[in-house]
Each structure stands twice: as C-alpha cells, then as structure tokens.
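Let me begin by handing over the structure; questions about it come next.
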Amino acid sequence: MSRPSRSSGLPRWVFVPAAVGALFILLPLVALASQVEWSHFVDLITSESSRSALVLSLRTSAISTVLCLLLGVPMALVLARTSFRGQGALRSLVLLPLVLPPVVGGIALLYTFGRKGLLGETIEVLGLQIAFSTTAVVIAQTFVSLPFLVVSLEGALRTAGEQYEVVASTLGARPTTVLRRVTLPLVLPGLAAGAVLSFARALGEFGATITFAGSLEGVTRTLPLEIYLQRESDPDAAVALSLVLVVVAVLVIALVRGPRREAL
Amino acid sequence: MKRLLVPLVAGVLLSTAACGSDPSSDARAPAKDTTLTVFAASSLKGTFTEIGQKFEDANPGVTVTFSFAGSSDLVAQISQGAPADVFASADTENMDKATADGLVEGTPVNFATNTLEIATPPDNPAKVDSLDDLASPDVKTVICAAEVPCGAATAGLEKVAGVDIAPVSEEQSVTDVLGKVVSGEADAGLVYVTDVKGAAGQVIGIEVPEASQVVNTYPTAVLSGSSNASVARAFTAYVVGPEGQAVLAAAGFAQP
C-alpha cells in the first residue's frame, strides 16, 4: 500500500482539530501508563485476586463469544438475506444493546432472569441458579456483545452480495451446502472481526455485570469489577490492571485490523 | 514527560469535574450570593439534601450544592483539586486520609454514627433471624466488599460476633447491597440502620446485638481549598447543631 500523497486536497486547518482529537484519545492512555508503578507491576497484576479476575474474564468472554457466534450468525443471515415485514424495526431493536447504557441492560436482565423476574420461576423450576453465578456474567456479556457480531457480519454479507450463492444453487447445491461452502467462507474475515469485537466488548463489560451478577472473587468479579474495587483501597493495583486491559484492547485492534484492513 | 502530562490531564479532568458546580457564579456573584459546594458520602444523600435546604432557608443568598459519592472517591477528587468547601465522610479513615494530605482546615467534627443491621425482603424468604443464619450457604447473603467503609464494618462485625458470613456477592457500596435485597435477588444483606429506615416497606430490618460494638463514625470538615470558608464553617456548625441533628436523628443516625 502506498503512502497517502501530501497533496490530498485537504485544507491545512483540518489537521489542527484532527491532531487535537488524536491527542484527546492518546493522552489519557499515556497518562495511565505514566502512573504505573513499574517496580511492582508484576506483583500487582499477579496477586491472587487479580489472577482470578483475569482468568474469570477470559473464560466468560470466550463462552460469551461462542454464544454470540451461535446466535448472532443466524441472526445476521436472516437480517441480510431475507426480507419480511417489520425487519427494519427488528434490526433496530436487536442493535439496542449497542447504544443502551449497560446499567440499563443489567436492570432489564435482572427483571428477566432474576429470581423475581419474568423467567425467574421457570428457571427455578428447572433447578437452575442464575443469580450471583458465573452464568449471570456470561448472560450479561452476551447481551451487550451480540449486536457487535450481528452488525459486523450483516455488513460483510451485504458487501459480499448474493451472486456466488445464486450460482451455487443453480448448480444444484442445497441451501445448507451453499451456506457452508459459499456464504460463510466468503464472509470469514467479517465473521472473525465480529467475533473479536464481541470478545473485546465482553471483556470490558462492567455495568450490566455489576447490576445483574454481583461481585464475588472467582465467581462473578471480572477484571473491570476488580479494577473498580481495587481503586477504593489500592489505586496502584487498579492502574496496573487497567494497563493490562489496555494491552488486551490494543491486541484486539491489531487482530481485527491486521489480517484484512477493510474488515472494519 | 510525566511533569508535563500530569497538569494537562488534571486540567482536562478538573474541567469535567467542575461541571457539577457552577463555575461562572463565583465570577459574577456579588458578595451576598454564595454557592457552597459540599462533598458528602452517598449514605448522607437524603439527610444532607434536607439539611442543605434548611440551611439555605436560614441563610438567604446562600445556595448549597452537593456531590454525593463514595467517601474514598470524594477524597481522591478533592486531592486532585476539585472545588469543594465542605467534606462529610462516612468513616474516619477517609477523613484521616484527607487530613494527612493537608486538604482539611482545622479539626474534623464527628456529627453522626451508624451501625449495621440485617435487611431482608419483606417476606423474609430464607427465614433469617440472626447473624448466625448468614453463615449458611442456603441463605443468599450480600455484603459490602472489605475495601469500602461498610465492608470494613462488616468484617469488624463478623470478628466481634465470631460469625463467618458466606456471601454470594461482595458489593461496591451499601446502596448496591440494599438494591439486591429490595429486588429480591438476595435473601439478606448487611446494611446500615439508616438504609433499612430509608427503604421502609421494601425491606425489613433485623437488629444485630453485636453491631453496637462496631460503630461507624461520620466526620465533617471545612476544606482548606474553600473560597467561602466562613459560610462553610457555618454549614458544618449547622450540621452539628440542633437543626442538623434533628434531621439526622429522624433518618436513624445516632449521635456520636
């Protein structure tokens, strides 16, 4: 890829607010890194509570991502490849968790899956316990990250178009074969980007988790909750753990942008 | 690098933090109109709002604005230069921190105390009637995390009573604990007496005899950064005085 030429036709003044904007995003990250007590960094991020929070976060985010794939891929397919009455409205509603404050999502989940919630009694009859369990964390994370997968994949499906699928089916391929051999391979980069974004969103999930799942070490206290709690008594540990999440976020962006730049 | 960054970042943070008060009022306000900014612990929201209104009525031209948050958050904000005149903490530890950092003018005054109590949903589904019941894994008990003042008090109570509570969740604040009990998610929670009183009808309170040995003391002080120190002193005196104490007593706070 060649470097953009200098004579791009942009007025020079545009660079000033653009640079201010970039600084606005980068400066807090630099400030955060400058506050890290490097001499204790390893101790701070490997304490028992930090490790258990990190392991819990990675585990629940991985499960949430799998759930997002299982539910989100069919949703994206239905939204991109079919048309029915009310589809536009449905799409908007499904994307709601993207713009909803997570704490609102948490309250909504509480009134759905909580003990006194809409499905609470059904869940209790089935002998399941969701309140204050790791399951509640996964539900909260899946709720907020599912739209990321649906949006990325639906966009990729629309961009890819249907011509190859039409050809495949005129050649006699069954719908499932077309989906498996043509559609999904075509949108694989979009699917991967969506999955990584969902994972990142699940990893950062805070509001819905603290509202809906509670906070107990090793069970429901994920890394963002641990950071929020450590800030009360040990700001150095909070800063060190924050940096860990920043590094994970940078890795996620590198993963998404790396293999195929147009995926985002 | 760090030297250059810190003031810059602090400046950005401050300008956001200052949104709560009205920065322009100082500039154009004549001497009579004063805005007093009070940083107070979350558990004081109801009582201090009421005390603030009474103080305004008693002192025409004075407007009292509040910022309610966790005591340690408030100390952090004050030490980063947030414009505040009065600080009221939910525990002595955070006030000590503020005093040690040189943020406080004069000596803090204790104005109230609070003790812990068990809160359960009105139907008390787990039939809790003493602290010992909270040690049972069958009772879904929610407490404050040890890192926050109410959690420190909870740990103290466990020690005094010789009970090892098995919580399903350790929340960030006492209001989060109360919320879990009010919504029926938890069978029981350890909250302050004032929280039970404030949520009357939504929870029932069960007294814990040993709680009287673990008392949380609320101190208040005028801040050294205050630009209205005389009004700030009048406000803290009002809180300690009969009018303030009456409001606090009605909410269930005890006298120090």
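In the list A:Gly194, A:Gly207, which residue meets the criterion of being surrounded by fewer than 24 Cβ atoms within 10 Å (Cβ to Cβ), modelled with pLDDT of 90 or more and not charged (D, E, K, R)?
When all the criteria are applied, what remains is A:Gly207.
Sort through B:Ala112, B:Ala145, B:Ala153 and tell me the only one that's crowded, with 20+ Cβ neighbours inside 10 Å and farther than 28 Å from A:Ile227 by Cβ.
None of the others qualify; the one that does is B:Ala112.
Let me ask another. So B:Thr194 fits all but one of (1) crowded, with 19+ Cβ neighbours inside 10 Å; (2) within 14 Å of chain A (Cβ to nearest Cβ); what number is the exception?
All conditions are met except number (2).
Of the residues that sit in segment A:69-125 and are assigned to a loop (DSSP other than H, G, I, E, B) and among the basic types (Lys, Arg), which one is farthest from A:Ala213 (Cα to Cα)?
Out of the qualifying residues, it is A:Arg85.
Which of the residues that make up segment B:74-98 are touching a Phe, Trp or Tyr at 6+ places or on another chain (Cβ under 9 Å), farther than 21 Å from B:Glu243 by Cα and within 14 Å of chain A (Cβ to nearest Cβ)?
B:Leu74, B:Val75, B:Gln77, B:Asp91, B:Asn94 - these are the residues of segment B:74-98 that are touching a Phe, Trp or Tyr at 6+ places or on another chain (Cβ under 9 Å), farther than 21 Å from B:Glu243 by Cα and within 14 Å of chain A (Cβ to nearest Cβ).
Return only the number of the condition from (1) outside any loop (DSSP other than H, G, I, E, B); (2) under 24 Å from the mean Cα position of the chain (by Cα) that A:Ala131 does not satisfy.
Against the list (1) outside any loop (DSSP other than H, G, I, E, B); (2) under 24 Å from the mean Cα position of the chain (by Cα), A:Ala131 comes up short only on (1).
When you check B:Val163 against the structure, is it away from every other protein chain (no Cβ under 12 Å), farther than 27 Å from B:Ala249 by Cβ, free of Cβ contacts under 8 Å to residues at least 60 places away in the same chain and in contact with a helix residue (DSSP H, G or I) (Cβ under 7 Å, 6 or more places away or on another chain), yes or no?
yes
Let me ask something else. Can you list the helices (runs of 4 or more DSSP H) found entirely within segment B:38-124 that contain at least 3 residues being farther than 26 Å from B:Asp176 by Cα?
Result: B:45-58.
On to the next question. For B:Tyr218, all conditions in the list (1) outside any helix (DSSP H, G or I); (2) among the hydroxyl-bearing types (Ser, Thr, Tyr); (3) touching a helix residue (DSSP H, G or I) at 6+ places or on another chain (Cβ under 6 Å); (4) under 21 Å from B:Gly46 (Cα atoms) hold save one; what is the number of the exception?
With (1) outside any helix (DSSP H, G or I); (2) among the hydroxyl-bearing types (Ser, Thr, Tyr); (3) touching a helix residue (DSSP H, G or I) at 6+ places or on another chain (Cβ under 6 Å); (4) under 21 Å from B:Gly46 (Cα atoms) applied to B:Tyr218, the lone miss is (3).
Would you point out which residue out of B:Gly81, B:Gly70, B:Gly61 is surrounded by fewer than 17 Cβ atoms within 10 Å (Cβ to Cβ), over 12 Å from B:Pro219 (Cα atoms), modelled with pLDDT under 90 and not polar (S, T, N, Q)?
Selected residue: B:Gly81, the only one of B:Gly81, B:Gly70, B:Gly61 that is surrounded by fewer than 17 Cβ atoms within 10 Å (Cβ to Cβ), over 12 Å from B:Pro219 (Cα atoms), modelled with pLDDT under 90 and not polar (S, T, N, Q).
Let me ask something else about it. Which fully enclosed helices (runs of 4 or more DSSP H) of segment A:184-263 have 1 or more residues being small (Gly, Ala, Ser) and in contact (Cβ under 8 Å) with a residue 24 or more places away in the chain?
A:188-204, A:207-212, A:235-257
While we're here: Among the residues of segment B:134-151, is there at least one that is over 23 Å from A:Leu110 (Cα atoms), within 14 Å of chain A (Cβ to nearest Cβ), without any contact (Cβ under 8 Å) to a residue 24 or more places away in the chain and out of contact with any His (no Cβ under 9 Å at 6 or more places or on another chain)?
Yes, the conditions are met somewhere in segment B:134-151.
Same structure again: Answer yes or no as to whether B:Ala232 is over 17 Å from the mean Cα position of the chain (by Cα) and either in the same structural domain as B:Leu36 (by TED's automatic domain parsing) or in a loop (DSSP other than H, G, I, E, B) (or both).
yes
Run down A:Thr142, A:Thr159, A:Thr176, A:Thr170 and say which single residue is under 30 Å from B:Pro125 (Cβ atoms) and at pLDDT 90 or above.
Matching residue, one of A:Thr142, A:Thr159, A:Thr176, A:Thr170: A:Thr142.
I'm told B:Val174 meets every condition in (1) surrounded by fewer than 19 Cβ atoms within 10 Å (Cβ to Cβ); (2) touching a Ser or Thr at 6+ places or on another chain (Cβ under 8 Å) except one. Can you identify the failing condition by its number?
(1)
The values are calculated or read from the model by the stated rules, or taken from the named source; none is laboratory data. As the structure is a computational prediction, the values presented were derived from the model and not from experiment. As a convention, Cβ positions derive from the backbone with ideal geometry for all residues, glycine included, and neighbour counts pool all protein chains shown.
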